[in-house]
1. Could you grab me the full set of residues in region 219-231 that are over 26 Å from the mean Cα position of the chain (by Cα) and part of a helix (DSSP H, G or I)?
2. Given the conditions (1) modelled with pLDDT of 95 or more; (2) hydroxyl-bearing (Ser, Thr, Tyr); (3) surrounded by fewer than 20 Cβ atoms within 10 Å (Cβ to Cβ), report the number of the one that residue 275 does not fulfil.
3. Identify the residue in region 125-153 that is among the β-branched types (Val, Ile, Thr) and surrounded by fewer than 21 Cβ atoms within 10 Å (Cβ to Cβ) and, among all such residues, is farthest from residue 172 (Cα to Cα).
4. Out of the residues in region 91-107 that are in contact (Cβ under 8 Å) with a residue 40 or more places away in the chain and small (Gly, Ala, Ser), state the one that is surrounded by the fewest Cβ atoms within 10 Å (Cβ to Cβ).
5. If I ask for residues that are assigned to a helix (DSSP H, G or I) and among the charged types (D, E, K, R), which ones from region 183-218 would you list?
6. Quickly run through region 14-38 and pick out the residues that are among the aliphatic types (A, V, I, L, M) and under 16 Å from the mean Cα position of the chain (by Cα).
7. Surrounded by fewer than 21 Cβ atoms within 10 Å (Cβ to Cβ) and more than 23 Å from the chain's Cα centre (by Cα): is that true of residue 165 in this structure?
Amino acid sequence: MLLPKKLVLVCLLNFFIAAFLGLLLRYFYVQPVGLNYRFLTHAHSHVAMLGWVYLMLYTLIVHLFVPEKRPIYNRLFWVTQFVVLGMLFSFPFQGYAVVSIIFSTLHIFCSYYFVYLVFKYHKTGSVVTSYLLKASLLFMLVSTIGVWCLGPAVAKFGQASAFYQIAIQFFLHFQFNGWFLVAALAVFFYLLKLQDSTEFRLFFKLLIASTVLTFALPINWFAPHVSLLWINGLGVVLQLIALFYFFKIIKPALRLLLKNQSKVTKLIYGFALLSFVLKIVLQSISLIPEVSNTAHQHKNFVIGFVHLIMLGVISGFLFSFILQSNLIKQTKLLHLGIVFFIIGFILTEVILGVQGALFYLGMGLFSNYYLLLFLCSILLPLGIGCFILEIFKTKNHKTKTKESPLGTAPTR
């Protein structure tokens with residue numbers, strides 16, 4: 001079974017648009033643009049999260065874990081894509097207003113229906129993937145509580161209130177660290193063909209507990225209390241233990257998975273796993289109160305960390321899964337695109353981190369900061385564009401060595 005080419009291309013085109021909008025946002029500081037920066041930021045983030053990550057995970061989940069491909073899945077995908085386009089063409093011009101809120105609400109209802117369909121019809125054949133898949137979907141449902149709280153928060157306390165800010169952080173935390181990350185791990189563990197074990201059960205419990213407990217940190221930013229630091233500390237410790245078990249259970253299977261893969265596939269898997277480790281390491285540093293407060297106060301660190309999760313961890317895994325499908329040939333153009341993307345990611349992360357450190361030290365901007373950040377950011381949409389072009393050029397390509405794991409039905 002091939003991943004549906006049209007759907008994957010739509011997801012990647014959404015990613016390209018989000019990357020282009022991000023590039024435009026960085027151009028604002030090089031040359032004035034006649035658009036509202038904040039409104040454009042909303043469009044960028046919504047298309048990246050809901051047009052790229054959500055819909056790509058949607059595609060993978062349906063085609064790996066739902067054996068009976070009912071027409072409703074295809075129709076729901078296109079309805080959701082229409083909703084994403086609605087947000088793309090409304091947010092840049094009005095921000096959060098009637099039209100964009102309508103489309104955002106419609107997306108939530110689409111996601112609820114998707115969860116219902118997957119819970120009703122999925123068959124993974126594996127306890128491992130079943131646990132992770134169900135947990136990720138539950139995190140998605142839970143995250144939307146934050147969205148529903150925004151209206152009452154504005155009406156009663158205003159947008160500057162702690163309640164409003166915590167509601168936003170609730171949504172983002174359980175989307176990124178819950179739904180997106182755990183769903184990506186569900187697909188990853190499926191490809192690894194991991195069997196149920198005591199070690200997996202322990203890893204799973206630690207992962208879920210740490211995800212919940214580390215939400216104490218963003219709460220502490222807006223409603224400080226010493227107990228929240230201790231709760232976050234416990235979550236961080238559990239997360240580090242989970243990371244130990246993660247590598248312990250995947251190590252033998254990962255060798256087999258990558259044995260006959262191309263160098264570029266191995267590279268992108270290594271990129272995703274390294275980003276995953278770095279994410280947890282950086283979260284661990286938040287055990288030092290001064291560090292966590294500094295990171296929150298300086299926008300460079302916040303943007304860098306968000307991009308680490310979105311571009312490094314989540315997009316790294318999603319690219320890996322696409323590379324293992326039969327959708328794309330291993331060509332120089334593809335290799336160039338991957339290299340562009342990774343180099344662009346590394347350079348922009350380093351620039352953001354260095355500038356954040358300089359702000360913290362009271363040393364101001366380094367020379368040509370905004371121009372350098374913009375120029376390095378060009379590599380991101382350029383890399384995604386190479387990926388898209390190669391899939392367009394590939395016609396139902398099948399590897400000569402063996403069929404991709406994404407092209408087989410579950411055998412467990």
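1. Hits for region 219-231 are 226, 227, 230.
2. Among (1) modelled with pLDDT of 95 or more; (2) hydroxyl-bearing (Ser, Thr, Tyr); (3) surrounded by fewer than 20 Cβ atoms within 10 Å (Cβ to Cβ), the lone unmet condition for residue 275 is (3).
3. Residue satisfying both the conditions and the ranking: 127.
4. Ranking the qualifying residues of region 91-107, first place goes to 95.
5. Here is the first cut: in region 183-218, the ones assigned to a helix (DSSP H, G or I) are 183-192, 198-213, 216-218.
Matches in region 183-218: 199, 201, 205.
6. Just the residues of region 14-38 that are among the aliphatic types (A, V, I, L, M), to begin with: 17-19, 21, 23-25, 30, 33, 35.
Those that are among the aliphatic types (A, V, I, L, M) and under 16 Å from the mean Cα position of the chain (by Cα): 17, 18, 19.
7. It is false that residue 165 is surrounded by fewer than 21 Cβ atoms within 10 Å (Cβ to Cβ) and more than 23 Å from the chain's Cα centre (by Cα).
Residue-by-condition table, conditions (1) farther than 30 Å from residue 4 by Cβ; (2) assigned to a helix (DSSP H, G or I); (3) touching a His at 6+ places or on another chain (Cβ under 6 Å):
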residue: 265; (1), (2), (3): no, yes, no
residue: 268; (1), (2), (3): no, yes, no
residue: 272; (1), (2), (3): no, yes, no
residue: 303; (1), (2), (3): yes, yes, no
residue: 321; (1), (2), (3): no, yes, no
residue: 330; (1), (2), (3): no, no, no
residue: 356; (1), (2), (3): yes, yes, yes
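The values are calculated or read from the model by the stated rules, or taken from the named source; none is laboratory data. Just so we're clear, the structure is a prediction, and the values are computed from it rather than from any experiment. Note: ideal-geometry Cβ built from the backbone for every residue, glycine included; neighbour counts use all protein chains shown.
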